[in-house]
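A.B. asks: Sharing a structure with you now.
The values are calculated or read from the model by the stated rules, or taken from the named source; none is laboratory data. Just so you know, these numbers come straight off a predicted model, no measurement behind them. Ideal geometry is used to build each Cβ from the backbone, glycine not excepted, and the neighbour counts take in all protein chains shown. Just the protein is used for accessible areas: all its heavy atoms, side chains included, with ligands, DNA and RNA removed. Shrake-Rupley method; radii C 1.70, N 1.55, O 1.52, S 1.80 Å.
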Amino acid sequence: MHLLYISILTVFNMPYWLHTLVIIFIIYIGISIALYYLQDYMLFKPEKLSKDFEFYYENQDIKEYNLETRDGAVINGLLFKPKGESKGIVLYLKGNSKSIKGWGKFAVDFTRHNYNVLMVDYRGFGKSTGKRSQKAIKRDLQEVYNKIKERTTEDRIILYGRSLGSGFAAKLASLNNPKMLILDAPYYSLTKVTARYAPFMPLSILLKYPLPTYKWLKYVKCPIHIIHGTNDKLIPYKTSVKLSKVNPQLTKLHTVIGGGHKNLNNFESYHKMIHEILNSKPQTIDLSTTSIHVKHSSKPTKTKA
């Protein structure tokens, strides 16, 4: 090996330092190629279910749906029904792991408020099929949204995006007119999240799922509620603070003190927030009767003795 190394230097008349740079460059390109082709395995952690798998949730009224897409894929979903008269429907877009088999247990947080909840599995998750891509998932979710619109009006549709699903929920909201958008532990963009772990890689070029939530939020016209825990190690709380400034007139930031990335449902404050978001009515304030235009003086006033 050492003789081969010397031979390369001799044949190409290459100085040692330049040869070292070439080796580093080749390794860098190799890692970049590996990241490009392996990112689906790194980003998505699907749980696959057999076609004959039967969903069951104690004390939950459910109905299973299958939507065939234009390219022949099948998107599998579950509709959770409330016990009382429905106030509308929550389209719940889940995170990057498992399937709706496990995520279904969170539907009670909305059915208890008399909302239907529709959860769908992305391509390759659960019973859903088809080749996965950012474009394909966005197209699938729009088709699902269109199916919901055939059964109810948009002012009864709530979009809820959890972690990975927050970007897709923001995109859907930017193209449609739902009642509201709720983002749970959202990211500014997936490029920003991955950059924390690979800061020297050209992720803007390599990433097949950039999911720029901040870009899509600019075009959302409905109320936006962002929920985030202060102890989130995967997607820092400051991400939501930054997102809340993208469309500030329509956005409200809800803070779960001490909440992490996967345990917000274990905090009473989270459920109080959901209750407030789903049940409170928007209020208009007569700002002319407030101190909104009063400015603090930058210089201290001197008082006469």
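A.B. asks: Could you order I285, I292 so the one with the most accessible surface comes first? Probe is 1.4 Å.
C.D. replies: I285, I292
A.B. asks: For a quick check of understanding: with a 1.4 angstrom probe and all protein chains in place, what accessible area in square angstrom does T152 have, to the nearest ten?
C.D. replies: 30
A.B. asks: May I ask which of K233/K272; K63/K147; K98/K245; K179/K218; K221/K295 have a Cα-Cα span longer than 21 Å here?
C.D. replies: Too far apart for the 21 Å limit: K233/K272; K98/K245; K221/K295.
A.B. asks: If each residue of separation counts as 0.36 nm, what is the full-extension length gain between Q142 and E154 once their alpha-carbon separation is subtracted?
C.D. replies: 3.0 nm
A.B. asks: Ranked by accessible surface with a 1.4 Å probe, highest first, in what order do H228, H261 come?
C.D. replies: Accessible-area ranking of H228, H261, largest first: H261, H228.
A.B. asks: Could you pull the accessible area for M180 with a 1.4 Å probe, rounded to 10 Å²?
C.D. replies: Around 10 Å² of this residue is reachable by solvent.
A.B. asks: Follow-up question, since we're still on this one. Please name which of V90, A136, T111 has its Cα lying farthest along the dipole of region 65-172 towards the positive end, using unit charges on Cβ (Lys, Arg +1; Asp, Glu -1) and the Cα centre as origin.
C.D. replies: Positive-end residue among those listed: A136.
A.B. asks: With a 1.4 Å probe and all protein chains kept in place, how do Y65, Y270 rank by accessible area, largest first?
C.D. replies: Largest accessible area first, the residues go Y65, Y270.
A.B. asks: Two decimals, Cα atoms only, Kirkwood Rh: what is Rg/Rh over region 114-189?
C.D. replies: 0.95
A.B. asks: Using each residue's phi in region 90-105, evaluate 6.51 cos²θ - 1.76 cosθ + 1.60 at θ = phi - 60° and report the 3J(HN,Hα) Karplus result to the nearest Hz, with x for Gly and Pro.
C.D. replies: Values per residue, Gly and Pro as x: 9, 8, 9, 9, 7, x, 8, 10, 6, 9, 5, 4, x, 5, x, 5 Hz.
A.B. asks: Something else about it: Are there any GluC sites (Glu not before Pro) in region 78-176 that are in a DSSP loop and have at most 10 other Cβ atoms within 10 Å? List them by number.
C.D. replies: Listed in order of number, the matching sites are E85, E150.
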